[in-house]
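Let me begin by handing over the structure; questions about it come next.
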Amino acid sequence: MIADHTHVQTGQIRTDFVQFTNQSGLKLAACVDHIGDLRTRPWVLIAPKYGETKKGNLPLAYHLAANGLNVLRFDHTNHVGESEGETIDFALPGAVADITACLDYLTDTHDVKEVIMVANSLSARCALRAAANDPRISKFISVAGVVNLFATMREIYQEDFFSQYQQGRRFGVTNFLGLEVQGDAFLESAIAAQLHDLAGTLADIRKLRVPFICFFAERDAWVRRDEVEQAIAVNDGARLVVVSAALHEVRENPRAAEQLFREIIWSCLYDEPCPAAGSDRLRQPEKRSVLEENRRERERMRCSEMPAESETDFWSGYLKKYTILERSSDYQEYLALLARYCRPVPSGAVVLDAGCGNGLFGHWMLHEAAQSKSSAPPTEPLVYVGLDLTQRGLTDAMTKHLEVRRPTARNVPPGVQYSMIDFDLLENGSLTGQLPFADGTFDLICCSLVLSYLKRPEALLRELYRVLKPGGTFVTSSMKPHCDFSVIYRDSLTQQVTPSEIEAGRDLLRAAGKIKLKEEVGRYAFFSPTELSGLVIEAGFNLRETQQSLGDQAVVVKAVK
Ligand SMILES: C[S@@+](CC[C@H](N)C(=O)[O-])C[C@H]1O[C@@H](n2cnc3c(N)ncnc32)[C@H](O)[C@@H]1O
């Protein structure tokens, strides 16, 4: 299939919001991205990733529209986003039925006879089922598609959920990758529909009568390459494309994401692999139009329901599990980078740890201060101010610090004075919108992995600038947009772990799912190196260094006043 993509004005891409119902009578919310010619241009249907909404597919959709394709992207029912139903009732056969509902909508409304299907991760498993059975799907493109859910879940949870269910164990409401679902119904329906194992996938792939392009992320922690190769081997029309250096969440790596976009667009337009110079012929949407539409959809979603849990409750629960990260070499390396950026901690320094959490960083920092003691004995005590939303974090942080101070502990920092403050940084906690400190109070401020969770990070940065002494050091960090938590999770469980640590790791992953969800609806915002540096500079700081860390999933910035 070749689209007429030569006359597309990328600035003319429009998005229409549409609604229709599935067979169960639940309303689906969807977006049609196009340049106005809905009758003659080919159609692409993009399913949302598990735990995400149609907004996550906006950049890809605009790239496709810029190249002359019409796109329908939708939210699953009983899932996150604007479609009807409760997330607790989500099950894979329902996700397959939603794809059929989208195809019906396109047939009924636009008389569409052929649709290219694109889907990612677990959604790709459902889309494969639809492609195997519905002749309207004329090509199937899978991105980091799960081919063996049984194995993927075992990989993630270190436990065989499906086998245990088949042996009679019941799970009730279970958190599955960040979403609470009816665990037994989820497992039962997946097994009954043979959507859970490799055999079911192979059977569907054998049935496919259309081109099948399978993008495999080279460093995928959840999907095994040998199983993907096995799957590809059963269909002559299947083609495997390895996206180099990509994790399961391909978007965390901008270069890999760029390669992927190029290849997907090409695969939608032509029935052949993308040649080396092929990308020159592809068009890019205007960045501004993607950003504007993203903002529009985020605003609309903000109005839709979110979990009622307060931020304080969320972070209290999160911090309880956070210590499992201490095991991860990626996290150790991250703390070492923070410590290096904070050095030297001058004698008698007044230090602010804004959003200190359970004190992992503060602990390190004091350790560092103690280490430097040998070369230059401090004359004055260090003053450490930890500030956080949660009482739980502050209590844990204090316990940690007291352990460090034990006379028997190695590297005892001399006479540290502590102050732990329960404070909401969201609106800078006070009526005046100011931090409760005088101008130029601190020699060193660290704000590690906090800015992303605030409504107005730029306002906090201005305040932190105000309370830092001239010449003082400021260190801050953020997870990257679309970061892949699987790397860090896997890293923390690679060594010998106890069952309770495995459980803590799972809880952490669940919380990570919630964080992603909040990123999706625009409550949280992760920053790229350029964005974070830009925010820091805008607040008045002089940028010194920027580096990626935490398994390449976070960006750390050092600046001075
Ligand atoms: C990912 S943790 C990082 C903790 C710590 N800085 C570290 O790097 O280990 C995010 C921290 O931000 C805190 N936080 C989130 N929103 C906050 C707010 N509005 N005011 C104060 N702290 C907040 C949470 O309680 C949590 O401790």
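Values in this text are rule-based calculations from the coordinates and carry no lab data. Please read these numbers as outputs of a predicted model, since none were measured by experiment. Heads up, the Cβs are rebuilt from the backbone with ideal geometry, glycines too, and the neighbour counts pull from every protein chain shown.
What order do you get for 75-87, 239-251 when each peptide is scored by the mean count of other beta carbon atoms within 10 Å, highest first?
Values: 75-87: 22.3, 239-251: 19.5.
Final packing ranking: 75-87, 239-251.
Mind ranking 446-458, 337-349 by how tightly packed they are, going by the mean number of other C-beta atoms within 10 angstrom, highest first?
Sorting 446-458, 337-349 by mean packing, highest first, produces 446-458, 337-349.
How much of the DSSP beta bridge set in the chain is antiparallel, as a percent to the nearest 5?
Counting DSSP beta bridges with both partners in the chain, the antiparallel share is about 40 percent.
My understanding is that a pair violates if its Cα-Cα distance is over 19 Å; which of K49/K207; K455/K518; K455/K558; K320/K558; K320/K514 do that in this structure?
Checking Cα-Cα distances, K49/K207; K455/K558; K320/K558 exceed 19 Å.
Computed over the Cα atoms of the stretch 200-323, what is the ratio Rg over Rh, Rh following Kirkwood?
Taking Rh as the inverse mean 1/r over Cα pairs, Rg/Rh reads 1.09.
State the Cα centre-to-centre distance between the stretch 521-551 and the stretch 18-34 in whole Å.
Distance between centres, Cα-based: 37 Å.
Now a separate question. Tell me the label-point distance for the pair K287, R170, using the 7 Å Cα-to-Cβ offset, in nm and rounded to one decimal.
Spacing of the two 7 Å Cα→Cβ label points: 5.5 nm.
Cut-off 20 Å, label point 7 angstrom out along Cα-to-Cβ of D226: give me the residues of the stretch 148-180 whose amide nitrogen falls inside.
Inside the label zone: 148-160.
Still on this structure, I have one more. Full-extension gain between R14 and K469, please, as 0.36 nm times their residue separation minus the C-alpha to C-alpha distance.
Length gained, R14 through K469: 158.9 nm.
Express the relative contact order of the stretch 109-235 as a whole percentage, based on alpha carbon pairs under 8 Å and six or more residues apart in sequence.
So the answer I get is 30 percent.
What area, in nm² and to one decimal, does the C-alpha convex hull of the stretch 23-117 cast on average over all directions?
5.6
Further, regarding this structure: Relative contact order of the chain, please, whole-number percent, based on alpha carbon pairs below 8 angstrom and at least 6 residues apart.
Answer for the chain is 12 percent.
Still on this structure, I have one more. Binning every alpha carbon pair distance of the chain at 20 Å from zero, what are the percents per bin?
Per 20 Å bin, starting at zero, the Cα-Cα P(r) for the chain comes out as 20, 50, 26, 4, 0 percent.
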